[in-house]
Amino acid sequence: MTQGARHVAIIMDGNGRWAKKRLLPRVAGHKAGVEAVRTIVRAAGDMGLEALTLYAFSSENWKRPEEEVNDLMGLMKRFILSDLDEFAANDVKLKVIGNWRALAPDVVALIDNALERTSGNKRTTLAVALNYGAQDELVRAARAAAAGGAITAEAIEAHLDTADMPPLDLLIRTSGEVRLSNFLLWQSAYAELYFTDKLWPDFAPADLKAALDQFARRERRYGGL
Ligand code: FPP
């Protein structure tokens with residue numbers, strides 16, 4: 001019997017193409033992407049999701065031009081600062097996954113503060129993947145497991161960045177690309193995958209609803225019959 005999804009993750013792709021279609025600079029696409037994040041976080045809570053994990057900046061995104069990296073970091077900082085009240089109003093607990101402590105000191109301080117300020121919130125956990133790469137996460141988890149004495153699946157899982165979150169049910173990628181791009185590789189082992197051609201800034205609550213409806217119709221067998 002399929003239950004409703006508890007944890008959804010999204011690879012938010014297509015900001016650049018959204019901007020290009022409008023003859024706008026790429027940063028305009030990322031700005032529109034932040035608006036979509038706001039709307040979807042609210043919708044996720046309303047739709048009863050316990051957790052939403054968003055791929056905001058991968059460990060590979062450093063290869064982008066410096067100006068774009070700076071734009072993305074700036075948007076992230078502004079988002080965290082300006083939405084703290086919104087998180088409180090919507091009972092959203094912020095979490096950050098990835099190697100975020102290696103980011104600039106001002107970003108780390110801002111995140112630390114936001115984590116503390118939202119730590120008591122209960123309705124939805126918003127996990128933002130920042131400087132995240134799944135292979136890096138797995139290496140860190142395997143090392144921690146080995147330090148504890150046993151490299152078992154359970155021990156690795158217990159040391160993943162997502163260890164305190166519900167199992168991943170559904171992974172969505174926008175913009176028509178069909179790959180995982182080093183995102184939540186371990187957690188995707190039994191997740192349903194959902195790909196849509198919508199570009200991220202155009203992804204609306206109705207699209208999230210459609211993905212959740214499709215999830216509810218699929219039968220998950222976890223390798224059984
Ligand atoms: C992919 O579009 C998107 C990103 C690399 C960054 C996603 C970031 C945001 C939506 C904004 C900040 C996030 C938060 C949580 C506040 P792309 O640039 O690869 O698009 P393209 O493939 O069309 O060029």
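Every number here is computed from the coordinates shown, using simple stated rules; none is lab data. None of these values were measured; they are calculated from a predicted model. Methodologically, a virtual Cβ is constructed for each residue, glycine included, from the backbone with ideal geometry; neighbour enumeration extends over all protein chains shown.
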Check your understanding: Name the GluC sites (Glu not before Pro) in region 1-79 that are in a loop by DSSP and that have at most 15 other C-beta atoms within 10 Å, would you?
Key -> Glu60
Revision key, fill the gap. Between Asn113 and Asp136, the two model label points (7 Å from Cα along the beta-carbon direction) sit apart by a distance in nm of 2.4 nm
Check your understanding: Given a Förster distance of 30 angstrom, what is the FRET efficiency for Arg217 paired with Arg101, based on the Cβ-Cβ distance and rounded to 0.05?
Key -> 0.15
Check your understanding: Averaged over all directions, how much area does the convex hull of the C-alpha atoms of region 48-89 cover when projected, in nm²?
Key -> 3.8 nm²
Practice item. Calculate for the chain the 222 nm mean residue ellipticity that helices alone would give, adding -39,500 (n - 2.57) per DSSP H run of length 4 or more and normalising by residue count, nearest 500 deg cm²/dmol. Key: -13500 deg cm²/dmol
**Study point:** Diffusion coefficient, µm² s⁻¹, Stokes-Einstein with Kirkwood Rh over alpha-carbon pairs of the chain at 20 °C and 1.002 mPa s
**Key:** 118 µm²/s
Check your understanding: How much length is gained on full extension from Ala153 to Arg64, taking 0.36 nm per residue of separation minus their Cα-Cα distance?
Key -> 28.6 nm
Practice item. Sort region 92-225 into rounded, prolate or oblate with this rule: let a ≥ b ≥ c be the square roots of the eigenvalues of the Cα gyration tensor; rounded if a/c is under 1.5, and if a/c is not under 1.5, prolate when a/b is larger than b/c, oblate otherwise. Key: oblate
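Between Asp85 and Leu23, what length comes free when the chain is fully extended (0.36 nm per residue of separation minus the Cα-Cα distance, one decimal in nm)?
19.0 nm
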Review point. In the chain, what is the count of Lys pairs whose alpha carbons are under 19 Å apart, counting only pairs at least 8 residues apart or on separate chains?
Key: 11
